[in-house]
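The values are calculated or read from the model by the stated rules, or taken from the named source; none is laboratory data. This one's a predicted model, so the numbers in the text were calculated from it and none came from an experiment. Note that each Cβ is placed from the backbone with ideal geometry, even for glycine, and that neighbours are counted across all protein chains shown. Calculation scope for accessible area: heavy atoms of the full protein, side chains included, ligands and nucleic acids excluded. Shrake-Rupley method; radii C 1.70, N 1.55, O 1.52, S 1.80 Å.
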Amino acid sequence: MSLLVVGVSHRSAPVSVLERASLATDTQIKLLQDSLAAEPATEAAVLATCNRIELYADVDKFHAGVAELSTLLARHSGVGLEELTPYLYVHYEDRAVHHLFSVACGLDSMVVGEGQILGQIKDALALGQELHTAGRLLNDLFQQALRVGKRAHSETGIDRAGQSLVTFGLEQLAAGAAVDAWAKKKRALVIGAGSMSSLAAATLARLGVDEIVIANRTAARADRLVQILTEPGSTGVLARAVDMTALADELPRADVVVSCTGATGLVLTYSAVETALHRRTTQLALLDLAMPRDIDAAVHRLGGVRFVDIESLAEASADAPMAADVDQVRTIVSDEVAAFGAAQRAAHITPTVVALRAMAADVVSSEVARLEGRLPGLDDKQRAEITRTVRRVVDKLLHAPTVRVKQLAGEPGGAGYADALRELFDLDPQTVAAVSRADLNDTDGVGRGRV
């Protein structure tokens, strides 16, 4: 395993850099394609969220891999390499596994313990599978990361330590008041209909707002979200969809606005918010969860506005207390990293063991054929018994060493046992490689899409 991750996140870079370095879906696709075209990488996956961009790859050269992945991240993010480099972090092999597992558990999130990251990891895996840039290593890694994240949330109280970015943002808007009491009877405007906006709408409905207006560029997605919010058995909130061109009319009517779109420019300008304030007498609460930002940050200077964005959330979360369950999650992560590494090292020797047993089977077949030539009078029963006996002898001779070599290969530093086995039994490297390719094809066919 030569796993490498190069990334930038809210922990390593200021929000102003992350904002400029955000990746749209089409850019992520091009980044993955270019990563595979680069010589050091044989697999690639990209995890891009509102507060992190990470490129995972299976590389055959560490230094060349770091240089190439860093260059690709800079090129596709639009931030110059010289400017981006001081904020980049690099993790290799077990440290890279530890990092992704920690991310999946919410330990590396802006709000510790939040569970939204699991959906984002699942999306990253799905994109890599769709583009065939994620092979055996990254499929195994990301699927195991999802399982580790789910285990952390089911076996510990990490959910008590964290919450969704939406809930945390709304709590900041409530400024110390109980968020459900603060939200009660308010009119909400949600801009966007993606996963974060949908979560915001559902959260606001659960908190008891009177009305939710969904504004989105694609009418069908806004209508679908309204349908979900108003279906029988739901919260009973009033909800309707509007076109983005209606924002100027809806903004003065809203008490709280949550915006999270994929737009590259501002959705709500300073002048638009200022104009809306002239048509209302109560405070306007604005929550910007987009990266890059949807709302002009200068609106915080306007009287009658309470404004929260990713940058202010990062500052607030730095002071948030961590639950005792975090230590338990860290233990889970450490145990799972060790188990994953052992499994990967053990899997590395499997093609060699399969090739050895195939060679032994060929030897048995040739020797039985030679015996039949020398003893033509053998009947079918005798021939079958001799064949079974020879096979049992070979199996017994190979059983203990092959079981032991798999155990040894799973230990740290055990990668060399495969080479030793090939050397001792003079196995053809091409035969071992053919077994590996066949096994990988089977894994891709069966495992693709499982989480």
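Scanning segment 104-161 for residues that are open to solvent by 50 Å² or more (accessible area, probe 1.4 Å) and of a type in the set (Ser, Thr, Tyr) turns up just one, SER154.
Matching residues to (1) assigned to a strand (DSSP E or B); (2) of a type in the set (A, V, I, L, M); (3) over 20 Å from ASN139 (Cβ atoms); (4) open to solvent by less than 60 Å² (accessible area, probe 1.4 Å):
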position	(1), (2), (3), (4)
ASP34	no, no, yes, yes
THR42	yes, no, no, no
LEU47	yes, yes, no, yes
GLU83	no, no, yes, no
PRO86	no, no, yes, no
HIS91	yes, no, no, yes
HIS98	no, no, no, yes
SER102	no, no, no, yes
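Among the residues of segment 410-427, none qualifies, meaning not one is charged (D, E, K, R), modelled with pLDDT of 75 or more, open to solvent by 50 Å² or more (accessible area, probe 1.4 Å) and touching a helix residue (DSSP H, G or I) at 6+ places or on another chain (Cβ under 8 Å). Cβ separations smaller than 9 Å between residues 6+ apart or across chains give the following pairs from segment 125-147 residues that are under 13 Å from ALA57 (Cα atoms) to residues that are of a type in the set (Val, Ile, Thr) and crowded, with 20+ Cβ neighbours inside 10 Å: GLY128/VAL46; THR133/VAL46; LEU141/VAL97; PHE142/ILE121.
Within segment 318-332, is even one residue closer than 26 Å to LEU3 by Cα, at pLDDT 75 or above, open to solvent by 20 Å² or more (accessible area, probe 1.4 Å) and touching a helix residue (DSSP H, G or I) at 6+ places or on another chain (Cβ under 6 Å)? Looking for residues that are closer than 26 Å to LEU3 by Cα, at pLDDT 75 or above, open to solvent by 20 Å² or more (accessible area, probe 1.4 Å) and touching a helix residue (DSSP H, G or I) at 6+ places or on another chain (Cβ under 6 Å), one finds none in segment 318-332, hence no. In segment 284-311, the qualifying residues are those that are part of a helix (DSSP H, G or I) and open to solvent by less than 40 Å² (accessible area, probe 1.4 Å), and the one that is nearest to LEU204 (Cα to Cα) is ILE310.
It is to be established whether one or more residues within segment 239-250 are free of Cβ contacts under 8 Å to residues at least 24 places away in the same chain and not charged (D, E, K, R).
Yes; the residues of segment 239-250 include at least one that is free of Cβ contacts under 8 Å to residues at least 24 places away in the same chain and not charged (D, E, K, R).
For segment 235-257, check the following and say yes or no: at least one residue is within 26 Å of HIS10 (Cβ to Cβ) and open to solvent by less than 40 Å² (accessible area, probe 1.4 Å). Within segment 235-257, one or more residues are within 26 Å of HIS10 (Cβ to Cβ) and open to solvent by less than 40 Å² (accessible area, probe 1.4 Å). Every test in (1) open to solvent by 10 Å² or more (accessible area, probe 1.4 Å); (2) assigned to a helix (DSSP H, G or I); (3) within 27 Å of GLU114 (Cα to Cα) is passed by ALA64 save one, and that test is (3). Condition check: closer than 29 Å to HIS98 by Cα and among the aromatic types (Phe, Trp, Tyr). Does PHE340 satisfy that? Yes.
Could you please let me know if ARG224 is open to solvent by 30 Å² or more (accessible area, probe 1.4 Å), within 20 Å of ARG187 (Cα to Cα) and not hydroxyl-bearing (Ser, Thr, Tyr)?
The answer is yes for ARG224.
Remark: pairs (first residue in segment 350-375, touching a residue at least 24 places away in the same chain (Cβ under 8 Å) and surrounded by 13 or more Cβ atoms within 10 Å (Cβ to Cβ); second residue in a helix (DSSP H, G or I) and of a type in the set (D, E, K, R); Cβ separation under 7 Å; 6+ apart in sequence or on different chains) = PRO351/ASP439; THR352/ARG422; VAL353/LYS406; VAL364/ARG391.
Scanning segment 193-203 for any residue that is over 15 Å from LEU289 (Cβ atoms) and part of a loop (DSSP other than H, G, I, E, B) turns up nothing.
Within the option set THR167, THR203, being closer than 19 Å to THR49 by Cα and either in contact with a His (Cβ under 7 Å, 6 or more places away or on another chain) or β-branched (Val, Ile, Thr) (or both) holds for one residue only, THR167.
Just one of the numbered conditions (1) closer than 22 Å to ARG20 by Cβ; (2) over 28 Å from the mean Cα position of the chain (by Cα); (3) not aliphatic (A, V, I, L, M) is not true of LYS186: (1).
All of ALA205, ALA174 fail the test of being at pLDDT 90 or above, over 20 Å from GLN116 (Cα atoms) and over 21 Å from the mean Cα position of the chain (by Cα), apart from ALA174.
May I ask you to verify whether LEU173 is in a helix (DSSP H, G or I), over 20 Å from GLU311 (Cβ atoms) and open to solvent by less than 20 Å² (accessible area, probe 1.4 Å)? In short, no. Condition first: open to solvent by 50 Å² or more (accessible area, probe 1.4 Å) and among the charged types (D, E, K, R). Now tell me which residues in segment 19-32 satisfy that. Across segment 19-32, the qualifying residues are ARG20, ASP26, LYS30. Filtering ALA41, ALA37 for residues that are free of Cβ contacts under 8 Å to residues at least 40 places away in the same chain, over 30 Å from LYS150 (Cα atoms) and out of contact with any His (no Cβ under 9 Å at 6 or more places or on another chain) leaves a single hit, ALA37.
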